Amino acid sequence: MEGGVLEGGVLEVAGGLDVDPEVLKRGLEESVRTAEAEAAKRRRKEKEQAEREEKELLAVMAKSLEEDQQQQARRPEEVPASEDSLSRALRASSELWTTGDFVRAVRGALAALDDMTMDKLESTSYVRGANRQAEGCPHQKRAQYGRLQWAATQKMFELVKLKRREKFVDVGHGVGNVVMQAAATIGCESWGIEVVHDRWLASQQLWDVLGPTLAREANIGACRLEKKDLVDSVDDLAACDVAYVNNYNGVFAEKAQGSQVTEHLDTHVVRILGKMRVGSRVLTLHPLPLVQSRTDVNTKRRRNGLPEKDDASFFDLETFTLEPSTTDGWAPEIVRRNGASSSSSSSSSYSSSGAKKNKAR
């Protein structure tokens, strides 16, 4: 057959050859059925291939989860940084990060910056070398830099009973690591302020490489790092539930301001505590210039045969000392509570008591 054209079910054949239309119709129908059968066979193969690939992916995910669980049992200091540190640190959306997860993520993020490490970052002129950059600030002359280790930071969160629904602030956040660790491991809204411009820039650099990873986690709290002066932010800081102040060894007192300043930064931290809601907490690494706590006043009242009073003072105080654990060298443990403390190793947790509530009645 040559030159056949089918139009409207009627076959017209060039060249004068006679072809039975029914025979041609059956031939066309058979071709359609064959094409449909081949298409169905192809779809079955594609479905089987997709199912095999899905099973392989689930197996890989299960293996990865098993490796994560095994690494969680290892000390964070023993886990080496690697190219896939960020992916290893990612947790399921229903979970928070462990301290180890966060350490691996930080190391992996910094390694992406020309093999940068936390020690290298801190040794730069714009972090440790920026102590005198506060000279342009009217409230202080120096801004000493210091950082708690990862495990000690996590222990600090436990000691102040930081909760997911609360708002945390780091006063003088440095490179921002404590702010990010609170958001990642506690899941709370986390805020930090820093007066030294170069340190704030360093925190932005760390956030640029670590922030996208944190942002992918549904349960990790929001982070905010701002260049602000403590003295100008007392009211905003007082709206937080937990404030952390690394004023170790008097760096918020004489070492920050010299002899010509009448009010030290520690005095402004006291103002923050005085404005905070009942039950809020301030954790410092150096004692604040405060009057006696409610516990101290009521202890004296009992000794003198007087009843205790809820409004005996506007705060309660707990002191504790962190030292390396006797069983696990990297993790700190509390070795003393409410005892005599030394400026080199003790911390203080000030909690806003019910006195303000009682006075407001």
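The values are calculated or read from the model by the stated rules, or taken from the named source; none is laboratory data. Because the structure is a prediction, the values reported are computed rather than measured. Glycine gets a Cβ as well: all are built from the backbone with ideal geometry, and neighbour counts include every protein chain shown. Only protein heavy atoms, including side chains, enter the accessible area calculation; ligands, DNA and RNA are left aside. Shrake-Rupley method; radii C 1.70, N 1.55, O 1.52, S 1.80 Å.
Would you mind calculating the gained length between Leu201 and Ala152 on full extension (0.36 nm times residue separation, minus the Cα-Cα distance), in nm to one decimal? Provide the component values of the computation, followed by the final result.
Numbers: separation 49, 0.36 × 49 = 17.64 nm, distance 2.48 nm.
15.2 nm is the gain from fully extending Leu201 to Ala152.
Calculated FRET efficiency, Asn219 and Asp20, Cβ-Cβ r, R0 45 Å, to nearest 0.05? Please list the in-between numbers first.
On the way: r = 73 Å, r/R0 = 1.63.
Between Asn219 and Asp20 the formula returns 0.05.
Which of rounded, prolate or oblate describes region 155-223 when judged by the alpha-carbon gyration tensor and an a/c cut-off of 1.5? Mind dumping the intermediate values first?
Details: a/c = 2.39, a/b = 1.27, b/c = 1.88.
The shape class here is oblate.
Roll a 1.4 Å probe over the protein heavy atoms and report the accessible area of Trp207 in Å², nearest 10.
That residue has around 80 Å² of solvent-accessible surface.
Quick one: if you stick a label point 7 Å off each Cα along the C-beta vector at Asp208 and Glu36, how many nm between them?
According to this spin-label approximation, the distance is 6.1 nm.
Taking square-rooted eigenvalues a ≥ b ≥ c of the alpha carbon gyration tensor, is region 177-305 rounded, prolate or oblate, where a/c under 1.5 means rounded and, failing that, a/b exceeding b/c means prolate?
Values: a/c = 2.77, a/b = 1.53, b/c = 1.81.
Oblate.
For His268, tell me the accessible area in Å² from a 1.4 Å probe, rounded to the nearest 10.
In the full protein context, His268 sits at about 20 Å².
With each label point set 7 Å from Cα along the Cα-Cβ vector, what nm distance links Thr124 and Asp310?
According to this spin-label approximation, the distance is 5.1 nm.
Is region 145-192 rounded, prolate or oblate when judged by the Cα gyration tensor, a ≥ b ≥ c being the square roots of its eigenvalues, rounded requiring a/c under 1.5 and prolate requiring a/b larger than b/c? Working shown, then result.
Details: a/c = 1.86, a/b = 1.27, b/c = 1.47.
It is oblate, given that a/c is not under 1.5 and a/b is not larger than b/c.
What's the carbon and sulfur percent of region 191-234's accessible surface, probe 1.4 angstrom, rounded to a whole number?
Summing carbon and sulfur atoms, their accessible area is 50 percent of the total for region 191-234.
For Gln292 and Lys47, calculate 0.36 nm times their separation in residues minus their Cα-Cα distance, and state this gained length in nm to one decimal.
Stretched out fully, the Gln292 to Lys47 stretch lengthens by 80.8 nm.
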